[in-house]
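Asker: What follows is a structure written as structure tokens; I'll ask about it next.
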Amino acid sequence: MTVQDKDFATLADALKAHTGRFTDKKFDWKAFPSNVGYDDLARAQMRYIGAGGSPKVGDTSTLKPEHFTLSLIYKEPGRYAACHSHEIEESFLIINGALIVGWEKDGEVVEVNLGPKDMILNAREIGHGFRVDGVEPVMMSISVDVGKPLPPVYHYHPKDCAPELARTFGAEPGKTLKFDPEGDHPLQKLMTKYVVRHSELETHWEDAGFTRKIYCGPGGVETDTCRKEMLGVPSRVGVKPFSRDVEDAFLVLEGSLIVGWEEDGETVEVELGPRDLVQTPAGRKHWFRNNGAGHATVWYVVGTAEPETVKFEAL
């Protein structure tokens, strides 16, 4: 059961139940039982939508997942995540710090270094792990593109192999290649299709006055699951109510954003700050507006990979 599995007396109550406040949540250092007893694997998870790759499906403070999960992961310098794979895509969006992500196949590994606002969509059934080699911790948003993912399958965990091999995601010395979009190795070529550099993305200006950088979906990484975008909303810019036939979620990264809901002529709003989130169910009329003095940067996840059909209209 989640906080949404009940009836609400008012529209305001429903919106509150679909809001995840950073200051109301706690990081869970025991979210991943496979890490217990291995200090080098330590990481903390903050769950917003669903349990993500964690088995903590009974967390009643999380929002109910439909087509995707969303959580924050905190990882300290020197720590790593053992090489594993999923049956579905999983995205890493870097918020702070620098993260090395490795993909493994047949004992060879390609590693890419990702910085703030860069993203990688980890492909289905591809072994992947990550490591913090920098001097500052990493905060990232992870989304698994299904409501209830299966448990990860571990390929090189320190309980099954030498810690040195686990730390390199399964690569023996000399078997690690750097990420190279022009590289000839099949794993380099494959990874190139799934790495997104924020600085290299085209900025699309909507007529309604805000910007979109498309990470996943038409115009971005090809996928058949969810669309993921970075929105830039200038001060005093907003859009009129719109609705979708799937759920969507706004996670504020910088600045502030007001999200509103409408039902039978009644309207309610909530203001989000950094690392606050609102998930809007399918069919609900909603809108967003930046009443702040500064620019708002927002991570936007939509529960379909289909092309955008909403025609955003300025307020």
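The values are calculated or read from the model by the stated rules, or taken from the named source; none is laboratory data. Computed from a prediction, not measured in an experiment: that's the story for all the values here. We place every Cβ from the backbone using ideal geometry, glycine too, and count neighbours over all the protein chains shown.
Asker: Out of segment 192-220, which residues are surrounded by 15 or more Cβ atoms within 10 Å (Cβ to Cβ) and touching a Lys or Arg at 6+ places or on another chain (Cβ under 6 Å)?
Answerer: Selection gives 198, 201, 215, 216, 217.
Asker: Check segment 36-44 and report whether any residue there is in a strand (DSSP E or B), touching a residue at least 24 places away in the same chain (Cβ under 8 Å) and among the small types (Gly, Ala, Ser).
Answerer: Yes, that holds for at least one residue.
Asker: Sticking with this one: Check whether at least one residue in segment 269-288 is closer than 24 Å to residue 19 by Cα, of a type in the set (Ser, Thr, Tyr) and buried (at least 19 other Cβ atoms within 10 Å of the Cβ), and report yes or no.
Answerer: Yes, segment 269-288 has at least one match.
Asker: Of the residues 248, 264, which is out of contact with any Cys (no Cβ under 6 Å at 6 or more places or on another chain) and surrounded by 20 or more Cβ atoms within 10 Å (Cβ to Cβ)?
Answerer: 248
Asker: Moving on. Please report, ordered by residue number, the strands (runs of 3 or more DSSP E) entirely within segment 172-291 with at least 1 residues that are within 30 Å of residue 162 (Cβ to Cβ), outside the structural domain of residue 124 (by TED's automatic domain parsing) and touching a residue at least 24 places away in the same chain (Cβ under 8 Å).
Answerer: Because the criterion is at least 1 residues that are within 30 Å of residue 162 (Cβ to Cβ), outside the structural domain of residue 124 (by TED's automatic domain parsing) and touching a residue at least 24 places away in the same chain (Cβ under 8 Å), no strands (runs of 3 or more DSSP E) in segment 172-291 meet it.
Asker: Do we find that residue 52 is surrounded by 24 or more Cβ atoms within 10 Å (Cβ to Cβ), under 14 Å from the mean Cα position of the chain (by Cα) and either modelled with pLDDT under 95 or closer than 26 Å to residue 162 by Cα (or both) in this structure?
Answerer: So residue 52 fits the description; yes.
Asker: Can you confirm whether segment 305-314 contains a residue that is of a type in the set (A, V, I, L, M), touching a residue at least 24 places away in the same chain (Cβ under 8 Å), not assigned by TED's automatic domain parsing to the domain that holds residue 208 and not in a loop (DSSP other than H, G, I, E, B)?
Answerer: Yes, because at least one residue in segment 305-314 is of a type in the set (A, V, I, L, M), touching a residue at least 24 places away in the same chain (Cβ under 8 Å), not assigned by TED's automatic domain parsing to the domain that holds residue 208 and not in a loop (DSSP other than H, G, I, E, B).
Asker: Let me ask another. Only one of 142, 100 is surrounded by fewer than 23 Cβ atoms within 10 Å (Cβ to Cβ), closer than 21 Å to residue 195 by Cα and without any contact (Cβ under 8 Å) to a residue 40 or more places away in the chain; which?
Answerer: After ruling out the rest, the residue left standing is 100.
Asker: Which residue is farthest from the chain's Cα centre (by Cα), if the candidates are limited to segment 147-171 and must be touching a residue at least 24 places away in the same chain (Cβ under 8 Å) and in a helix (DSSP H, G or I)?
Answerer: 163
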